[in-house]
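Have a look at the structure below before the remarks.
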Amino acid sequence: MQKQVTMLLSVLAFAACKQDKPAPAREVKQYTIEQFYKTNATGAGIFSPDEQKMLVHSNESGIFNLQEINISDGSKRNLTQTIVESFFAIDYVPGTGEVLYSADKGGNEISHIYLLKSDGTSQDLTPGEKAVSNFSDWSKDKKSMYYSSNLRDERFFDLYQMEVGVWKPKMVYQNNDGYGIDAVSRYGDWLALSKTVTTSENQLFLYDLKNKQLKEVSNPAEPGLYSTYGFSADGKTFFYTTDVGKEFAYLVQYDLATGERKTAYETNWDVMYAYQSENGKYQVIGINEDGKNKVVIRDAAGKEVAFPAIPDGDITAVNISPSENKMRLSVGTSKSPNDLYVYEFATKSLKRLTNNASAEINPDDLATAEVVRYKSFDGLDIPAIYYKPLNASASNKVPALVWVHGGPGGQSRVGYSSFIQYLVNHGYAVLMVNNRGSSGYGKSFFKMDDQNHGEKDLQDCIYGKKYLQSMDYIDKDRIGIIGGSYGGYMTMAAMTFTPDEFKVGVNIFGVTNWLRTLKSIPPYWESFRKALYAELGDPNTADSVRLHRISPLFHAKSVKNPIMVLQGANDPRVLQIESDEIVAAVKQNNIPVEYLVFPDEGHGFVKKENEMKGYSGVLTFLDQHLKAPEKVKQ
């Protein structure tokens, strides 16, 4: 969970950043939900040992399966054909031709590590009904893998090692103190551990696995947020990011022998991640630049490496091959889903491997996301990602939605979303607000909603509505609010605490009873529990009074306008009973309520079939309750 945002004061101060002159309105072809979900998603992108193929997971089949892509001709080979659970690629098993992947059961988030054997059969390497297992890394000699698991104690993750081919777990570190296991060095000598204090403060430690000694890397005298980004290829340096003494996170390199540290990279945005290629020839650095990914690659001397030019595409992520001769690029925009490319450093040749956009949709009919800012009630600038329907004009006013991200502490970012484009294509403007408490805009902004949820952050959303109302092509009386997870909570907070502000609310697996949610968090969140309570409140103390006050369930009688609720039956974070109860309570007001429960989903959608059912249902609901009757196509 994380945080940050911006805001709005008077109608005259709404346009806070310079914008290009908008293109004239024009009619566009409308597409069905089925056409939008012919768009595919491809993840991972891992080079095979001979670097002739690439391991991915793709939802072409409607659910994520493992595929291999031949780099020379782009041909694909399905490695799995699951129709029940999604499989997510981890890596090739060194020296075997076999593959590791991760999967849970119906979205319950109890993930195991599986071995896909050469004969096509699978083996669960980390069994246990309640055991969550996460791959960490390979040893330097590639003969064993490291992974973390809470098999011994549901609350805490221990570190294990498994020899390739033998696949018997050996405990390397027993975690009795609630540390987070962040990284293990490939030489097996160092372990990076963290301990959460609050959602904006933690401690960072290095544990000497050979000498059984623990030392703190963080500075107790100057609290801040630390994130681990692994060890150098030669095993001599440890990398982490921190915001100590600064507003934004910067990259630090720490000499393991001397304890000397120095800033390795810093800019005026958060450094999101960093890693070195297999032998340390390159370092990849990801930056969260105003809601978009920026990727920097540097050579061993610290000189930036130029990227290949890709017309009409933003490079969102890269992966450098073990030989350091090739690079996988993930490229996309707000109008186009990420596609994979392979680049050869020596020849500077670039090859496209995937075409994930729906062939039935003309990208000229889609809206380009725009980063905007507006003032909130107290003058604070609130950043947002905005999508304007291409047919909107002063003579053709359109309804609008305020979209609230998950978290708390998440961030709406520029990128492709079939659901967002589906809504905009059907005539709804969408303003994705990054309310105070969102991440990506500095630590001060991130902390602004602590112990203030459903209050000032809600006002940021209301002032997002006011921002929309300042546009001459928005139907000022037809603005709704929508969000998932924490955004679902904000939706219901708006519908209960400010019932006259939004004409409809769409709650996608959102919290409605903080007392229950905070008491029922999964056991393996134990190390994070105190931080969560520090931000939101402890339900076992006097904080319960405030938590009751900000929980929409206990104020459902105030709801005046239609709501829709979507819920996964296997959600371990927001239990189904949360949605069951708010739906029943609002129905007692004789208010229209639509409710969809998905028996094979958890905290969010994984299956295309469910996305299409849920999101087409949302559009039907909006057309019925938000769009002007004369504009609803019969």
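No value in this document is a laboratory result; all are computed from the given coordinates. Treat the numbers as computed from the prediction; the structure is a model and nothing was measured. All Cβ positions, even for glycine, are placed from backbone atoms using ideal geometry, and neighbour counts span all protein chains on display.
For the stretch 529-634, the relative contact order works out to 24 percent when only alpha carbon pairs closer than 8 Å and six or more residues apart are counted. Note on ASN176 and LYS560: the extension gain reaches 133.2 nm, defined as 0.36 nm multiplied by sequence separation minus the Cα-Cα distance. Note on THR241, THR498, THR258: ascending count of other Cβ atoms within 10 Å places them as THR258, THR498, THR241, the fewest first.
Here the relative contact order of the stretch 147-292, from alpha carbon pairs under 8 Å that lie six or more residues apart, stands at 12 percent. Summing charges over neighbours of ASP290, with a neighbour being any other residue whose Cβ is under 13 Å away from its Cβ, gives -1 when K and R count +1 and D and E count -1. Pairs over the 26 Å Cα-Cα cut-off, from the set LYS294/LYS456; LYS29/LYS388; LYS294/LYS388; LYS397/LYS560; LYS466/LYS607: LYS294/LYS456; LYS466/LYS607.
Measuring r between the beta carbons of GLN30 and ASP378 and using R0 = 41 Å, the FRET efficiency lands at 0.55. The C-alpha atoms of the stretch 504-632 occupy a region whose extents along the principal axes are 52, 34, 21 Å, arranged from largest to smallest. All other residues whose Cβ lies under 15 angstrom from that of THR39 are scored, Lys and Arg at +1 and Asp and Glu at -1, for a net of -3.
Convert 25 °C to kelvin, take the viscosity as 0.890 mPa s, use the Kirkwood radius over C-alpha pairs of the stretch 164-295 as Rh, and evaluate the Stokes-Einstein diffusion coefficient in µm²/s, rounded to a whole number. It diffuses with D of about 156 µm²/s by this estimate. The share of C-alpha pairs in the stretch 297-369 whose separation exceeds 16 Å stands at 54 percent. Just give me a number: lysine pairs in the stretch 145-267, eight or more positions apart or cross-chain, with C-alpha atoms less than 25 Å apart. For the stretch 145-267, the number of qualifying lysine pairs is 19. Note on ASN362 and ALA542: the model spin-label points, each 7 Å out from Cα along the C-beta direction, lie 6.5 nm apart.
Residue ranges 606-614, 291-299 sort as 606-614, 291-299 when ordered by packing (mean number of other C-beta atoms within 10 Å per residue, highest first). Scoring 160-166, 431-437, 334-340 by mean Cβ neighbours within 10 Å over their residues and listing the highest first yields 431-437, 334-340, 160-166. Of the options [x] 20, 56, 23, 1; [y] 14, 36, 36, 12, 1, 0; [z] 18, 54, 27, 1, only one is P(r) over Cα pairs in 20 Å bins from 0, in percent as computed from these coordinates, and that is [z]. Counting neighbouring Cβ atoms within 10 Å and putting the fewest first, the residues LYS466, LYS212, LYS170 line up as LYS212, LYS170, LYS466.
Look at LYS246, LYS447 and count the other Cβ atoms within 10 Å of each Cβ; fewest to most, that gives LYS246, LYS447.
Cα-based radius of gyration for the stretch 35-168, normalised by 2.2 N^0.38 Å, reads 1.08.
The convex hull defined by the C-alpha atoms of the stretch 304-462 has an orientation-averaged projected area of 12.5 nm². Relative contact order of the stretch 295-339: 27 percent, from C-alpha pairs under 8 Å at least 6 residues apart in sequence. Highest average first, the peptides 190-196, 401-407 ordered by how many other beta carbon atoms sit within 10 Å of their residues are 401-407, 190-196. By DSSP, the beta bridges lying fully in the chain are antiparallel in about 80 percent of cases. Ordering ILE361, SER349, ALA301 by Cα displacement along the dipole of the stretch 264-363 toward the positive end leaves SER349 in first place; charges were set at the Cβ atoms of Lys, Arg (+1) and Asp, Glu (-1). Helix-only estimate, please: 222 nm mean residue ellipticity of the chain, summing -39500 (n - 2.57) across DSSP H runs of length 4 or more and dividing by its residues, to the nearest 500. Result for the chain, helices only: -4500 deg cm²/dmol. A cut-off under 12 angstrom between Cβ atoms defines the neighbours of ASP91, and their net charge, with Lys, Arg +1 and Asp, Glu -1, is -1.
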